[in-house]
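*Asks:* Supplied in structure tokens, the structure appears directly below.
Read the figures in this text as sums done on the coordinates, not as results from a lab. All of these numbers come straight from a predicted model, not from anything done at the bench. Cβ atoms come from the backbone with ideal geometry, glycine included; neighbour counts cover every protein chain shown.
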Amino acid sequence: MKDTPPKIIYAPLAGCSDFPFRKMAARYRPDLMFCEMVKMEALMRKVPETYRMLEYDESMRPIGGQICGSKPELAGPCAKIIEDLGFDVVDLNCGCPVDKITKDGSGSGMLKDPGRIGEVISNMVAAVKIPVTVKVRAGWDEENINAALVTEIAEKAGAKAIVVHGRTRQQAYRGPANWAHIKAAKEAAKEIRVVGNGDVFCAESALRMFEETGCDAVLVARGTMGQPWIVDDIRRALNGEVPQKRSFEECRQALLDHFTFSTKHKSEHGALIDMRKVCCWYLKDAPGVRDLRKKASHATSLDEVYELIHAF
Ligand SMILES: Cc1cc2nc3c(=O)[nH]c(=O)nc-3n(C[C@H](O)[C@H](O)[C@H](O)COP(=O)(O)O)c2cc1C
């Protein structure tokens with residue numbers, strides 16, 4: 001890791017921030033990027049698919065691994081596995097809203113038991129030398145907002161940073177993120193770095209996030225989809241420069257490059273499935289993209305997809 005702490009971070013995105021996605025992101029050198037979350041139990045059971053999700057190459061550094069689970073006794077060994085795989089940071093997921101994750105108290109389910117968050121983080125910190133971080137939502141629901149309290153708990157447990165997503169679990173992804181909860185977490189923090197997250201889709205919103213919340217860094221999630229260069233836009237804006245405009249041709253080329261990384265890293269079937277979502281990301285503003293998506297969904301060979309994108 002560089003001496004200066006990360007300021008612009010690319011988020012963990014289950015089903016999205018895979019190897020090809022991170023190859024594209026690496027071109028623009030975010031200060032830190034994350035793999036998709038992995039479950040503690042799957043790490044312990046050595047599930048091959050889980051380890052495949054954690055594959056990376058040197059161009060992606062600094063890179064973080066994120067673990068999800070609620071059992072304090074698994075936290076230390078799992079953090080150690082992430083460290084031994086060579087990751088620069090290990091993060092604890094306390095934000096995932098999906099029922100199948102929260103039903104055993106994992107993900108955002110952890111927000112119902114802040115003491116357990118402290119216990120899990122302490123065990124991670126005791127097991128590794130790399131920085132331990134945690135990613136939370138504002139709270140379980142509007143009646144139970146506790147990101148500021150969890151910030152204090154995480155700091156005491158030894159976490160170096162806390163990412164606060166300004167939505168509650170109940171909100172899932174509906175409505176805007178409430179950045180006031182990020183500000184409150186920053187005010188509760190002494191040494192721990194507070195990373196703001198939620199609705200940063202362009203350089204301007206990143207600047208506003210810094211200004212309105214006083215956060216130390218921003219974590220960009222959906223804004224990285226089809227915009228692997230968003231870190232460059234944000235850096236320029238922070239320096240008072242205008243973000244570079246990307247032409248349609250540049251977006252098409254980026255899509256082709258993403259597709260090429262997919263074909264190298266995945267089976268033909270995997271790359272074909274990938275293209276169904278990825279083509280919409282890069283060309284979302286272009287007229288006719290829905291038709292392209294439809295055609296790409298029916299494509300049966302890689303050549304066919306290349307032709308579709310070239311002809312678009
Ligand atoms: C498709 C998708 C997958 C996600 N996967 C993860 C994940 O694996 N771990 C995590 O902590 N958050 C995950 N999130 C949440 C994001 O990291 C982020 O907190 C949320 O999208 C809000 O940020 P945004 O408004 O910049 O998108 C995911 C979000 C989306 C949309």
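*Asks:* What distance in nm separates the simple spin-label points at T300 and K284, each placed 7 Å from Cα in the Cβ direction?
*Replies:* Roughly 3.3 nm, to one decimal.
*Asks:* How about segment 172-259: which GluC sites (Glu not before Pro) there lie in a loop by DSSP and see at most 13 other Cβ atoms within 10 Å?
*Replies:* Numbers: sites: E187, E191, E204, E211, E212, E241, E249, E250; in loops: E191, E241.
Answer in residue order: E191, E241.
*Asks:* Considering the options S267, Q253, Y306, tell which one lies farthest towards the positive end of the dipole of segment 248-311, charges being +1 on Lys and Arg and -1 on Asp and Glu at the Cβ, about the Cα centre.
*Replies:* Result: S267.
*Asks:* At a 10 Å Cβ-Cβ cut-off, how would you order L13, L255, L111, L92, fewest neighbours first?
*Replies:* Numbers: L13 17, L255 22, L111 27, L92 31.
The order, fewest Cβ neighbours first, is L13, L255, L111, L92.
*Asks:* Between the DSSP loop rule and a limit of at most 16 other Cβ atoms within 10 Å, which trypsin sites (Lys or Arg not before Pro) in segment 105-173 are left? Spell out each step's value before the answer.
*Replies:* Working: sites: K112, R116, K129, K135, R137, K156, K160, R167, R169; in loops: K129, K160, R169.
Sites meeting the loop and neighbour criteria: K129.
*Asks:* Next question. Taking 10 °C and 1.306 mPa s as the conditions, I'd like the Stokes-Einstein D for segment 70-127 in µm²/s, using the Kirkwood hydrodynamic radius from alpha carbon pairs. Spell out each step's value before the answer.
*Replies:* Values: Rh = 11.6 Å.
In µm²/s, the coefficient rounds to 137.
*Asks:* Note down the magnitude of the dipole of the chain about its Cα centre, charges +1 on Lys and Arg C-beta and -1 on Asp and Glu C-beta and zero elsewhere, to the nearest 20 debye.
*Replies:* Numbers: 45 positive and 43 negative charges, 55 e Å.
So the dipole magnitude of the chain works out to roughly 260 debye.
*Asks:* Given the options A189, P97, Y51, identify the residue whose Cα lies farthest towards the positive end of the charge dipole of segment 8-238 (+1 on Cβ of Lys, Arg; -1 on Cβ of Asp, Glu).
*Replies:* Y51
*Asks:* Taking θ as phi - 60°, what are the ³J(HN,Hα) couplings along segment 47-59 by the Karplus curve (6.51, -1.76, 1.60), each to the nearest whole Hz, with x for Gly and Pro?
*Replies:* Here the 3J(HN,Hα) series is 5, x, 4, 5, 5, 5, 5, 9, 6, 8, 10, 4, 5 Hz.
*Asks:* Restricting to DSSP H runs of at least four residues, report the calculated mean residue ellipticity at 222 nm for the chain, -39500 (n - 2.57) per run over all residues, nearest 500 deg cm²/dmol. Provide the component values of the computation, followed by the final result.
*Replies:* Values: 14 runs with 143 residues, N = 312.
After summing the helix terms and dividing by residue count, I get -13500 deg cm²/dmol.
*Asks:* Please report, largest first and rounded to whole Å, the three semi-axes of the ellipsoid equivalent to segment 101-243, where each semi-axis is the square root of five times an eigenvalue of the C-alpha gyration tensor. Let's see the in-between values first.
*Replies:* Details: eigenvalues 136, 61, 39 Å².
Over the Cα atoms of segment 101-243, the ellipsoid semi-axes are 26, 17, 14 Å.
*Asks:* Let me know the Kirkwood hydrodynamic radius for segment 8-238, please, with Cα pairs as the basis and the value in Å to one decimal. Don't skip to the answer; put the middle values down first.
*Replies:* Details: mean 1/r = 0.0582 Å⁻¹.
It is 17.2 Å.
*Asks:* Starting from the Cα gyration tensor of segment 217-307, multiply each eigenvalue by 5, take the square root, and state the resulting semi-axes largest first in whole Å.
*Replies:* Values: eigenvalues 152, 40, 23 Å².
Three semi-axes, in Å: 28, 14, 11.
*Asks:* Rounded to whole Å, give me the distance from the Cα center of segment 7-23 to that of segment 60-118.
*Replies:* 17
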